[in-house]
1. Name the one entry in L81, L8, L43, L57 that is surrounded by 14 or more Cβ atoms within 10 Å (Cβ to Cβ) and modelled with pLDDT of 95 or more.
2. Quick one: is G15 more than 18 Å from the chain's Cα centre (by Cα), at positive phi and surrounded by 14 or more Cβ atoms within 10 Å (Cβ to Cβ)?
3. From the list V73, V110, which residue is of a type in the set (A, V, I, L, M), outside any loop (DSSP other than H, G, I, E, B) and free of Cβ contacts under 8 Å to residues at least 60 places away in the same chain?
4. Kindly indicate which of S157, S143, S147 is among the polar types (S, T, N, Q), at pLDDT below 95 and either part of a helix (DSSP H, G or I) or closer than 18 Å to A34 by Cβ (or both).
5. Any chance you could count how many residues in the stretch 6-39 are in a helix (DSSP H, G or I) and of a type outside the set (V, I, T)?
6. I'm trying to understand the selection: among the residues of the stretch 25-35, which are within 25 Å of L8 (Cβ to Cβ) and crowded, with 17+ Cβ neighbours inside 10 Å?
7. Looking at G75, G38, G87, which one is in contact with a helix residue (DSSP H, G or I) (Cβ under 7 Å, 6 or more places away or on another chain), on the phi > 0 side of the Ramachandran plot and surrounded by 12 or more Cβ atoms within 10 Å (Cβ to Cβ)?
8. Kindly check whether there is at least one residue in the stretch 80-95 that is assigned to a helix (DSSP H, G or I) and among the basic types (K, R).
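The values are calculated or read from the model by the stated rules, or taken from the named source; none is laboratory data. Since this is a predicted model, take the numbers as computed values, not measurements. Backbone-built Cβ (ideal geometry, glycine too); neighbour counts: all protein chains shown.
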Amino acid sequence: MRTYTLHLPEHTLAGETQEIDRAQVVPDGFSWPAFAYGPLWFLYHRLWLAALLVTVLLVGAVVLGQVLNLRPVAGAAVALLMQLLIGLEASSLRRWTYARQGRPVRDAVVAGSAEEAEIKVVGRWLDPARAARPPAAPFPSASSRVSEGVIGLFPFSEDRR
């Protein structure tokens, strides 16, 4: 099971159907295509700035390898590690780009495939019950917490023996 995030424009309210057609669902985790194709994967997803950053990073690693006069085996190891880093961070760079474009993370679901994630996201987004209630605060405020006289894990003191 994988986590998927939904990206919609900031002004879109839950239950609105106009923007759901242009929604982006981004999988979390390692991206094999980004690992294999590097900057081409970013260009395919129209992530221009991220593609430029990755290309500069890879070219910088090659130039640094030449300056340090690395052996071919060491250069190949560095290239493999760089591609591994790209595969690990590709989804995060994609989410960062969408957030910069005014399409932050609006929802997250856990699903077995991308199709299942899209079905869950659309179902949750278009649910009239969810659209009617205001979004919940991410953390309870200090005034809403119940004051308890317990500090620690055990509410009752035990007799010492």
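1. Just a single option satisfies the conditions, and that option is L43.
2. yes
3. Residue meeting the stated conditions: V73.
4. Values: S157 fails: either part of a helix (DSSP H, G or I) or closer than 18 Å to A34 by Cβ (or both); S147 fails: either part of a helix (DSSP H, G or I) or closer than 18 Å to A34 by Cβ (or both).
Going through S157, S143, S147 in turn, just one is among the polar types (S, T, N, Q), at pLDDT below 95 and either part of a helix (DSSP H, G or I) or closer than 18 Å to A34 by Cβ (or both): S143.
5. Summing the residues that are in a helix (DSSP H, G or I) and of a type outside the set (V, I, T) in the stretch 6-39 gives 9.
6. Across the stretch 25-35, the qualifying residues are V25, V26, P27, S31, A34.
7. G38
8. Taking the stretch 80-95 and keeping what is assigned to a helix (DSSP H, G or I), we get 80-95.
Checking which are among the basic types (K, R) leaves us with 94-95.
The answer is yes, given that some residue of the stretch 80-95 is assigned to a helix (DSSP H, G or I) and among the basic types (K, R).
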